[in-house]
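Take a look at the structure below.
The values are calculated or read from the model by the stated rules, or taken from the named source; none is laboratory data. Because the structure is a prediction, the values reported are computed rather than measured. Ideal geometry is used to build each Cβ from the backbone, glycine not excepted, and the neighbour counts take in all protein chains shown. In case anyone asks, the SASA skips ligands and DNA or RNA and just uses the protein heavy atoms, side chains included. Shrake-Rupley method; radii C 1.70, N 1.55, O 1.52, S 1.80 Å.
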Amino acid sequence: MRILAIETSCDETGIALLSVTGGAANPRAEVRANLVASQIALHRQFGGVVPNLAKREHIRNLPILYARLERKLRAQGERLRFDMITVTVGPGLEPALWTGINFAENLAKETGKPLVGANHLEGHLYSVMLPAPGQHHAAHSKPHTAKSPMRFPAIGLIVSGGHTTLLKMDSLVKWKLLGETRDDAAGEAFDKAARLIDLPYPGGPEIERLAHVGDPHMAEFPRPMIHEKNYDFSFSGLKTAVLYYVRDNPSVTATEAGRAGLAASFQAAAIDVLVTKTVRACREHGARSVILCGGVAANMTLRNALKGAVKKAMGAQCAFLVPPKRYNLDNAAMIGLAGYMAHLRGKKYPMRANGNLEI
Ligand code: KG4
Ligand code: ZN
C-alpha cells in the first residue's frame with residue numbers, strides 16, 4: 001500500500017511517500033521520499049516556537065513540498081500515486097495541526113483517496129521500524145525495507161519537546177501507559193535549561209554539544225522523582241535548580257567551563273532519571289526490547305547510557321531500538337507508518353486538531 005503522509009504538529013513541515021506491506025504484526029516500510037522543511041531558523045529569534053508563525057509557514061510550505069515530491073518522482077520516471085493519505089491530528093499545536101488537516105482534506109477530495117488520522121506519538125514509536133536512510137536508495141539493489149525487530153513485551157520511552165511517556169507494549173498495536181511527565185517534558189527541560197545558559201533554540205542539541213566538554217559533577221542537580229515507585233516524571237524542578245544555581249553563582253555563565261559544566265550537570269541529571277525509571281520498568285515487566293524515540297532520542301549520551309543500562313540489567317538478548325538519526329526529529333515518514341497501523345487496527349481518529357491527543 002502506498003501512503004502519502006503529512007506532518008505539521010510543530011515547527012517542521014513534513015510530507016512523505018511510503019510503500020508499506022506486511023500487516024500489523026510485521027509491517028515493512030520503504031520510504032520513497034521524506035521531505036522536511038524546518039522552521040527552526042525562523043523560531044530561533046523568538047527563543048521558541050510561535051504557533052501562528054508556524055501555521056503561516058506550514059501553509060506556505062505544504063504546496064511547495066508536495067510539488068517537490070511530484071518532481072522527485074517524475075525525475076525517476078514515475079507519477080505520484082498513492083492509495084491512502086494520512087495526517088497528524090495530534091498531539092501538537094492546534095493552529096499548526098489544522099494546516100496539515102486542511103491540506104490533507106483537500107487532497108483527499110481532489111484524488112478521491114481515503115484519509116486517515118495519525119497520532120504523532122505513535123509516529124515516534126514506530127519510527128524505530130523505518131529503514132536507515134540510503135539503504136533504500138542504493139542503485140540496482142532491491143529496495144530496502146524495515147522489518148520489525150521488536151520482541152514483546154517491550155518498554156517504550158518517548159522523549160520529545162512535548163512529551164515524556166513510558167509505555168509497556170504487548171504488541172505493535174497494544175500497549176499500556178506506565179507513566180508520563182507531570183509538568184515539563186524532557187525536551188522542554190533541555191530547551192529551558194539551554195535558555196538559562198544563553199544557548200539558542202532548540203536547546204537540546206546545544207546542551208549536548210556543550211556537555212561533551214563539561215564536568216557533569218560541577219553542580220549536583222536534583223533527580224526529581226527518581227526513587228518514587230511510579231513511572232511518572234517531573235522536570236520543572238530540575239530546570240528551577242539550574243535557574244537558582246545561575247542566580248547564586250552569577251559568574252558561572254561568564255566562562256566556557258562554567259557553561260559547559262552547567263550543561264553537563266543538567267544533562268546528567270535528566271538522563272539519570274530517564275534511564276533509572278526505564279530500566280526499572282524493564283525489570284518489572286521482563287522487557288525483551290526497549291524503544292527510545294522522540295527528538296531527545298537524538299542525544300547520543302542518552303542513547304549510550306540507556307543502551308548500556310538495559311544491557312547490564314536485562315542482558316544482551318533484550319534488544320535496544322532507536323530510530324535512524326534522521327527520523328528522531330519530527331518527520332512525515334513516521335506518520336505514514338502510524339497511519340498505516342491506525343488503518344489496520346480500525347482506529348479512526350476524528351479529523352480535527354487535538355492538541356492533547358493521548359497515545
Ligand atoms: O520530537 P521532536 O522533534 O518534536 C516534538 O514532538 O516535540 O522533539 C523536539 C525536542 C526539542 O525539545 C529539542 O530540544 C529536543 O527534542 N532535542 C534534543 C536533541 N535534539 C533534539 N534534546 C537533547 N539532545 C539532543 N541532541
Ligand atoms: Zn515529535
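Tabulated data for the structure shown
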quantity	calculated
FRET efficiency, residue 304 to residue 240 (Cβ-Cβ, R0 35 Å, nearest 0.05)	0.80
Spatially proximal aspartates and glutamates relative to residue 113 (Cα-Cα < 15 Å; intrachain offsets below 8 disregarded)	83, 105
Neighbour net charge for residue 3 - beta-carbon separation under 12 angstrom, K R +1, D E -1	+2
Using alpha-carbon coordinates, inclination of helix 333-344 to the longest axis of the chain, degrees	60
Potential lengthening between residue 176 and residue 42 on full extension [0.36 nm per residue; Cα-Cα distance subtracted]	44.5 nm
Local electrostatic count, residue 330, Cβ distance below 10 Å [Lys/Arg +1, Asp/Glu -1]	-3
Accessible surface, region 258-359, averaged per residue in Å² (probe 1.4 Å)	36
Sequence-distant lysines (8 or more away, or on other chains) whose Cα lies within less than 30 Å of residue 192	55, 168, 176, 229, 239, 277, 307, 325
Chain lengthening between residue 317 and residue 198 when straightened (0.36 nm per residue, less Cα-Cα)	38.6 nm
Protein accessible area in region 22-102, 1.4 Å probe - carbon and sulfur %	51
Protection proxy ranking of 344-356, 153-165 - average other beta-carbon atoms within 10 Å, highest first	153-165, 344-356
Helix-only CD estimate at 222 nm, as mean residue ellipticity for the chain, using -39500 (n - 2.57) per DSSP H run (n ≥ 4)	-13000 deg cm²/dmol
Between 0 and 90°, nearest 10: helix 94-111 axis offset from the chain longest Cα axis	10
³J(HN,Hα), Karplus 6.51/-1.76/1.60, whole Hz, each residue of region 233-239, x for Gly, Pro	10, 8, 10, 6, x, 5, 4
Local net charge near residue 268, Cβ-Cβ under 14 Å (Lys/Arg +1, Asp/Glu -1)	-3
Under the Karplus curve 6.51 cos²θ - 1.76 cosθ + 1.60, θ = phi - 60°, whole-Hz ³J(HN,Hα) for region 272-289, x wherever Gly or Pro sits	4, 5, 4, 5, 4, 6, 5, 5, 4, 5, 4, 5, 4, 9, x, 4, 9, 7
With every protein chain in place, region 293-342: carbon and sulfur % of accessible area (1.4 Å)	59
Heavy-atom surface of region 1-108, accessible at 1.4 Å and reported per residue (Å²)	40
For residue 113, distant residues with modelled amide H under 5 Å away	none
Mean-position separation - Cα centroids, region 1-74 and region 154-206, in angstrom	21
Extension gain (nm, one decimal) between residue 60 and residue 283, 0.36 nm per residue minus Cα-Cα	75.5 nm
